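A.B. asks: One structure, as structure tokens, below. Some questions next.
The values are calculated or read from the model by the stated rules, or taken from the named source; none is laboratory data. Note that the coordinates shown come from a computational prediction; the quantities given were computed from them, not determined experimentally. Don't worry about glycine lacking a Cβ; one is built from the backbone with ideal geometry, like all the others, and counts go over all protein chains shown.
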Amino acid sequence: MADVLEVGHAGDADSVTILTLNRPDSLNSLSVELKQALLAALSAAAADPGVRAVVLTGSGRAFCAGQDLAEHVALLESGDATPLATVREHYNPIAHSLLTMPKPVIAAVNGTAAGAGASLAMACDLRVVSSQATFLLAFANVGLGLDTGISWTLPRLVGSARAMELALLVEPFSAERAAELGLVTQLVEPDRVLPAAIDLASGLGRGPTAAYAAIKQAIHFGGSHPLAESLENEAVQQNLAGATGDHRSAVQAFLRKQRPVFTGH
């Protein structure tokens, strides 16, 4: 039996980790086993200094259809508390891991991204999207609220009014519409999704990883803090980035009119 999550590598010195949700027969819906595996893999990638970028994608024709509702209903009917605990136990930590990952994370959206699957895509830093992909904030259709961080990510990406519309009306929207909303980094043909995402990740993997971490942190911080606190945070993050070997060697390369070579440290 295939693993529910495949972990692969690409890029220079295998610096790009590729996480593939691997339940194609159920459109990569999120079972407890898959959520646990994804969280463990994200934690491992975050802690590994050799990993300098992460790609998240799905196998088959879907990116991720969200919660495995068949498993969810079976557990509810058995009296198991897992379905009601999964937001705190699984979805919140997964979203937090994606958003705080100290290196770039790219969603390769190869097909349908619905419910928590859409949330996963929005929690990534960049999105390479198939022209045939569709998105759906399906939560209200099954009588549920939002999860996997989309209440935090989506308003920052499209504004609160548009986020409310997408969540309440529960209408699928195309890849082209997602691009119009500013949700798409690259819109590509279906057979180019993963290669394009890997190319993008590989380029970032050759960059200043610590600086990327500082940039991510500053953007997330600045979106929810007052000006004075955001300015101070920029100073803190700049001090951290400025202490890296990458900064020093890049400045020297600039003065010598050479291309900098980043090590990620």
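A.B. asks: How many residues are closer than 27 Å to residue 90 by Cα and in contact with a Leu (Cβ under 7 Å, 6 or more places away or on another chain) if we restrict to segment 174-184?
C.D. replies: Within segment 174-184, residues that are closer than 27 Å to residue 90 by Cα and in contact with a Leu (Cβ under 7 Å, 6 or more places away or on another chain) number 1.
A.B. asks: For the structure I just gave you, tell me whether residue 40 is touching a residue at least 12 places away in the same chain (Cβ under 8 Å) and among the small types (Gly, Ala, Ser).
C.D. replies: On the way: touching a residue at least 12 places away in the same chain (Cβ under 8 Å): no; among the small types (Gly, Ala, Ser): yes.
Answer is no for this residue.
A.B. asks: Condition first: touching a Lys or Arg at 6+ places or on another chain (Cβ under 9 Å), on the phi < 0 side of the Ramachandran plot and either modelled with pLDDT of 95 or more or not aromatic (Phe, Trp, Tyr) (or both). Can you find one or more residues in segment 137-148 that meet it?
C.D. replies: No: segment 137-148 contains no residue that is touching a Lys or Arg at 6+ places or on another chain (Cβ under 9 Å), on the phi < 0 side of the Ramachandran plot and either modelled with pLDDT of 95 or more or not aromatic (Phe, Trp, Tyr) (or both).
A.B. asks: Between a residue in segment 139-154 that is over 18 Å from residue 35 (Cα atoms) and any residue that is surrounded by 19 or more Cβ atoms within 10 Å (Cβ to Cβ) and modelled with pLDDT of 95 or more, which pairs come within a Cβ distance under 6 Å, given they are 6 or more apart or on different chains?
C.D. replies: Here the result reads 153/122; 153/123; 154/122; 154/163, each pair linking segment 139-154 to a residue that is surrounded by 19 or more Cβ atoms within 10 Å (Cβ to Cβ) and modelled with pLDDT of 95 or more.
A.B. asks: I'd like the full set of residues that are charged (D, E, K, R) and either crowded, with 24+ Cβ neighbours inside 10 Å or more than 10 Å from the chain's Cα centre (by Cα) (or both), limited to segment 120-153.
C.D. replies: Residues satisfying the conditions are 127, 147.
A.B. asks: Can you name every residue in segment 197-210 that is under 19 Å from residue 46 (Cα atoms), of a type outside the set (Ser, Thr, Tyr) and part of a helix (DSSP H, G or I)?
C.D. replies: Those that are under 19 Å from residue 46 (Cα atoms), of a type outside the set (Ser, Thr, Tyr) and part of a helix (DSSP H, G or I): 197, 198, 200, 201, 203, 204, 205, 210.
A.B. asks: Look through 168, 200 and report the one residue that is under 19 Å from the mean Cα position of the chain (by Cα) and in the same structural domain as residue 57 (by TED's automatic domain parsing).
C.D. replies: Step by step, each of 168, 200 is checked, and only 200 is under 19 Å from the mean Cα position of the chain (by Cα) and in the same structural domain as residue 57 (by TED's automatic domain parsing).
A.B. asks: Looking only at segment 16-41, count how many residues are out of contact with any His (no Cβ under 8 Å at 6 or more places or on another chain), of a type outside the set (Lys, Arg) and not in a strand (DSSP E or B).
C.D. replies: 14
A.B. asks: Output the number of residues of segment 216-265 satisfying the condition of being in a loop (DSSP other than H, G, I, E, B) and within 19 Å of residue 15 (Cβ to Cβ).
C.D. replies: 8
Yes/no per residue for (1) assigned to a strand (DSSP E or B); (2) in contact with a Pro (Cβ under 6 Å, 6 or more places away or on another chain); (3) buried (at least 20 other Cβ atoms within 10 Å of the Cβ):
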{"residue": "63", "(1), (2), (3)": "yes, no, yes"}
{"residue": "70", "(1), (2), (3)": "no, no, no"}
{"residue": "84", "(1), (2), (3)": "no, no, no"}
{"residue": "92", "(1), (2), (3)": "no, no, no"}
{"residue": "99", "(1), (2), (3)": "no, no, no"}
{"residue": "107", "(1), (2), (3)": "yes, no, yes"}
{"residue": "118", "(1), (2), (3)": "no, no, yes"}
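A.B. asks: Which condition number in (1) free of Cβ contacts under 8 Å to residues at least 40 places away in the same chain; (2) part of a helix (DSSP H, G or I); (3) not aromatic (Phe, Trp, Tyr) is the one that residue 213 fails?
C.D. replies: Of (1) free of Cβ contacts under 8 Å to residues at least 40 places away in the same chain; (2) part of a helix (DSSP H, G or I); (3) not aromatic (Phe, Trp, Tyr), only one is false for residue 213: (1).
A.B. asks: Hey, does segment 104-114 have a residue that's more than 17 Å from residue 42 (Cβ to Cβ) and over 19 Å from the mean Cα position of the chain (by Cα)?
C.D. replies: No.
A.B. asks: Run down 165, 180, 171 and say which single residue is surrounded by fewer than 16 Cβ atoms within 10 Å (Cβ to Cβ) and touching a strand residue (DSSP E or B) at 6+ places or on another chain (Cβ under 8 Å).
C.D. replies: 171 is the lone residue from the list that is surrounded by fewer than 16 Cβ atoms within 10 Å (Cβ to Cβ) and touching a strand residue (DSSP E or B) at 6+ places or on another chain (Cβ under 8 Å).
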